[in-house]
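Here's the structure we're looking at; comments come further down.
The values are calculated or read from the model by the stated rules, or taken from the named source; none is laboratory data. Everything numeric here is computed off the predicted structure, so don't read it as measured data. No Cβ is skipped: glycine too gets one built from the backbone with ideal geometry, and neighbour counts run over all protein chains shown.
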Protein chains: 2
Amino acid sequence: MKNLIKESVSSLEGYTPGEQPGSKNVIKLNTNENPYPPVPALSDGLSNFDISELRKYPNPVSSKLRNEIADYYNLEVDNVFIGNGSDEILALCTRAFVEDNGSVGYFEPSYSLYPVLTAIRDVEQRPVSLNENFTWVMPENFEASLFYLANPNAPTGMCFDKNQIIEFCGSFPGVVLIDEAYADFASYNCIDLLSKFDNVVICRTFSKSFSLAGIRLGYMLGNEKLISAMIAIKDSYNVNALTQELGYLAFKNIDYMKANVEKIKATRAVLSQELSQLGFEVCKSETNFVWTKSLKVPAKKLYEQLKAKGIFVRYFNDDLIKDYLRITVGTPEEIQRFLEELRVLLKT
Amino acid sequence: MKNLIKESVSSLEGYTPGEQPGSKNVIKLNTNENPYPPVPALSDGLSNFDISELRKYPNPVSSKLRNEIADYYNLEVDNVFIGNGSDEILALCTRAFVEDNGSVGYFEPSYSLYPVLTAIRDVEQRPVSLNENFTWVMPENFEASLFYLANPNAPTGMCFDKNQIIEFCGSFPGVVLIDEAYADFASYNCIDLLSKFDNVVICRTFSKSFSLAGIRLGYMLGNEKLISAMIAIKDSYNVNALTQELGYLAFKNIDYMKANVEKIKATRAVLSQELSQLGFEVCKSETNFVWTKSLKVPAKKLYEQLKAKGIFVRYFNDDLIKDYLRITVGTPEEIQRFLEELRVLLKT
């Protein structure tokens, strides 16, 4: 049997998504989902959707949404790629921009999917360790075919220095994918780099700020030749008709998303401050989660104790970051409940 | 710029999907879409769907639907893979079962996506030409890592001899993917081969018989080790929440699909008979389309003349099959209209 399966696939260790507990009676602060529902217009969008349209193939390049996004950013349609979640986009990049003998770079720690995608593509992994402040010093003459640069970074929640990003993009010989999954929650983004660098692409998702992880929708902005390469290798109809329509409605109502982002930023400020007062080291979050170092009680123990109370936060079983917890910014009520339980646990 | 893009990708010739005319005022018999809407229960499914659920990630392996399909076929859940359309499944197979120095076999003519997927995977293409009756004689000692075997075949619409398929599966050293996209319209299928051969997987789609091309949903049945390899390399959340739910509802209402299939088979019989009487050579269709050779007027000319009348059929600009047209079985009214126009064109 084994010889029917590609050797590198047989030995893969897959990506571990955050737990999705079956019970609804829990507080989920572990997968960076948005605590607020998506824009109400989507309800009407679903009710009014003519199901007889579903018998037909969807638009292969999500034209309506693609046009809308291009207009919003003052780009041409050819500078926009629409994907089945940014997951699909990140994976396609390994196949569009990396030769079989090529390599993929990324920071450690960063989004844990990057090494998995590189292993799936079966090319050389070139991780670059961040220093203890989670900033970087690039090794001399560092090269790769593709570099995944999450900004803000996950799981740290911090933005890198923009000038350092600009310098890196200018000197790096391959494609730099700036993963802006959390950029709507941040103090700046890198959209302006698109006009400066042909080798820079930017990836965005509807999963976080738009509260639409369930529909699987992401987009990439970049040079038309890079976009064209992505289109050439994607599945013929990668994004279904309903996702195209709901994504379009959500993007048309972008102010609703922005209002939710402001609410989350306010709750984030409370959570960060309270954690500091409880003696945690708290990184400056530019995302919808807080990355915090537990100085008194081991992070793993807190994670387990919270889980026993029905509160899920994210703990990474990884030496580099084993003292940290990643806590998604929920509703104010969820965060209060979390803080109450945490205070009890810290006293016992 | 070019050296940022993988060389094999730069030189790709993509898949050409059938035309999707913008106007609604046409008769579309060119993309094998089902002329009937999907089961009405889907309307309620959409209206009742709680959009706040969309803020969460979907189930990563489409568990509810996967269980339902496993039960239906008396298989274990581990024998079922759910994909973002069978497109995704066909593409994943090239990455799960083919080494970088491996190869992919398929018939010619067959589904024109197979060589495209092989080119995207950048491995050796091993096409096997069908003879003029569209049946096969396999070359001596034929080998490949993966073989795409569409049965019924497209664009011919015919089933191969089942004993020949069984013999091939028993002797072929790689994975045989039997693409049963059209099996619901056929006189037999190959599900029973799953219990005989570890190297056989079967791919099905919701696009044709279930009238759901728009939601992107397909599934694969096979040995749990092969399924497990597919899961290891798929995008983390490959199928969105709405597609999972609508697919589940459609599968639960499978009798509705079967009734539509019977209607289409009745119309197919009329279409086949009328074409024969008009002097066309008509292959015995086991699908929702008819493959027919134009003996009097060049196929390309008919295709263009019909298009000018607002009737789209599929013509392949390929020497091997340039005398044929592929005509999707529409509603009885659409087929009557098509036949009327055809009679006029043949007289002029």
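What are the residues in the range A:117-132 that are more than 9 Å from every other protein chain (Cβ to nearest Cβ), of a type in the set (A, V, I, L, M, F, W, C) and under 23 Å from residue A:218 (Cβ atoms), if any?
Listed by number, the residues that qualify are A:117, A:119, A:123.
Of B:252, B:296, B:284, B:265, which residue is free of Cβ contacts under 8 Å to residues at least 60 places away in the same chain and either closer than 30 Å to residue B:48 by Cα or among the basic types (Lys, Arg) (or both)?
Step by step, each of B:252, B:296, B:284, B:265 is checked, and only B:296 is free of Cβ contacts under 8 Å to residues at least 60 places away in the same chain and either closer than 30 Å to residue B:48 by Cα or among the basic types (Lys, Arg) (or both).
Just give me the residues in the range B:164-202 being touching a residue at least 60 places away in the same chain (Cβ under 8 Å), of a type in the set (Val, Ile, Thr) and within 14 Å of chain A (Cβ to nearest Cβ), in sequence order. Please lay out each step first, then the result.
The first filter runs over the range B:164-202 and keeps only residues touching a residue at least 60 places away in the same chain (Cβ under 8 Å), leaving B:174-175, B:177, B:179, B:181-182, B:184-187, B:191, B:194, B:201.
Still in the list and also of a type in the set (Val, Ile, Thr): B:175, B:191, B:201.
Within the range B:164-202, B:175, B:201 meet the criteria.
Okay, residues lined up against (1) among the polar types (S, T, N, Q); (2) over 13 Å from residue B:108 (Cα atoms):
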position	(1), (2)
B:136	no, no
B:150	no, no
B:153	yes, no
B:156	yes, no
B:159	no, yes
B:165	no, yes
B:168	no, yes
B:172	no, yes
B:176	no, yes
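If I ask for residues that are surrounded by fewer than 21 Cβ atoms within 10 Å (Cβ to Cβ) and closer than 19 Å to residue B:262 by Cβ, which ones from the range B:185-202 would you list?
B:186, B:187, B:188, B:189
Within the range A:19-63, take every residue that is within 24 Å of the chain's Cα centre (by Cα) and not in a loop (DSSP other than H, G, I, E, B) and give me the one that is nearest to the other protein chains (Cβ to nearest Cβ).
The qualifying residue nearest to the other protein chains (Cβ to nearest Cβ) is A:42.
From A:310, A:247, grab the single residue that is at positive phi and either in contact (Cβ under 8 Å) with a residue 60 or more places away in the chain or not assigned by TED's automatic domain parsing to the domain that holds residue A:51 (or both).
Answer to the selection: A:310.
Going by the structure shown, is residue B:61 surrounded by 15 or more Cβ atoms within 10 Å (Cβ to Cβ), under 29 Å from residue B:289 (Cβ atoms) and either modelled with pLDDT of 95 or more or assigned by TED's automatic domain parsing to the domain that holds residue B:213 (or both)? Quick ask: steps written out before the conclusion?
On the way: surrounded by 15 or more Cβ atoms within 10 Å (Cβ to Cβ): yes; under 29 Å from residue B:289 (Cβ atoms): no; either modelled with pLDDT of 95 or more or assigned by TED's automatic domain parsing to the domain that holds residue B:213 (or both): yes.
No: the conditions fail for residue B:61.
Only one residue in B:301, B:265 is away from chain A (no Cβ under 14 Å) and either of a type in the set (Val, Ile, Thr) or touching a Phe, Trp or Tyr at 6+ places or on another chain (Cβ under 8 Å) (or both). Which one?
B:265
Can you tell me which residue among A:205, A:135 is within 24 Å of residue A:327 (Cβ to Cβ), within 14 Å of chain B (Cβ to nearest Cβ) and either surrounded by fewer than 17 Cβ atoms within 10 Å (Cβ to Cβ) or not charged (D, E, K, R) (or both)?
Only one candidate passes the filter, namely A:205.
Filter the range A:210-225 down to the residues that are more than 17 Å from residue A:71 (Cα to Cα) and surrounded by fewer than 24 Cβ atoms within 10 Å (Cβ to Cβ) and list them by number.
A:225
Taking residue B:312, is it under 21 Å from the mean Cα position of the chain (by Cα) and either over 21 Å from residue B:36 (Cα atoms) or at pLDDT 95 or above (or both)?
yes
Considering (1) buried (at least 24 other Cβ atoms within 10 Å of the Cβ); (2) in contact (Cβ under 8 Å) with a residue 12 or more places away in the chain; (3) closer than 22 Å to residue A:56 by Cβ, say which one residue B:229 fails and leave the rest.
That leaves (3) as the condition not met.
Tell me the residue from B:99, B:108, B:143, B:124 that is of a type in the set (Asp, Glu), closer than 20 Å to residue B:18 by Cβ and touching a residue at least 12 places away in the same chain (Cβ under 8 Å), please.
B:108
When the range A:191-225 is examined, which residues are found to be in contact with a Leu (Cβ under 7 Å, 6 or more places away or on another chain) and within 16 Å of residue A:244 (Cβ to Cβ)?
A:206, A:212, A:214, A:215
Do the conditions hold for residue B:327, that is, is it at pLDDT 95 or above, not in a strand (DSSP E or B) and not acidic (Asp, Glu)?
no
Only one of A:52, A:11, A:47 is out of contact with any strand residue (DSSP E or B) (no Cβ under 8 Å at 6 or more places or on another chain) and not assigned by TED's automatic domain parsing to the domain that holds residue A:157; which?
A:11
Any chance the range A:218-235 includes a residue that's more than 26 Å from residue A:172 (Cα to Cα) and at the interface with chain B (Cβ under 9 Å from one of its Cβ atoms)?
Within the range A:218-235 (the criterion being more than 26 Å from residue A:172 (Cα to Cα) and at the interface with chain B (Cβ under 9 Å from one of its Cβ atoms)), the answer is yes, since at least one residue qualifies.
Does residue A:271 count as under 30 Å from residue B:239 (Cα atoms), touching a residue at least 40 places away in the same chain (Cβ under 8 Å) and surrounded by 17 or more Cβ atoms within 10 Å (Cβ to Cβ)?
Taking the combined requirement at face value, the residue does not satisfy it.
Residue under question is residue B:277, and the condition is that it be closer than 15 Å to residue B:61 by Cβ and more than 7 Å from every other protein chain (Cβ to nearest Cβ); does it hold? Before you say what the answer is, go through the steps one by one.
On the way: closer than 15 Å to residue B:61 by Cβ: no; more than 7 Å from every other protein chain (Cβ to nearest Cβ): yes.
No, not satisfied.
Looking only at residues in the range A:74-113 that are more than 10 Å from chain B (Cβ to nearest Cβ) and among the charged types (D, E, K, R), which one is surrounded by the fewest Cβ atoms within 10 Å (Cβ to Cβ)?
Among them, the one singled out is A:76.
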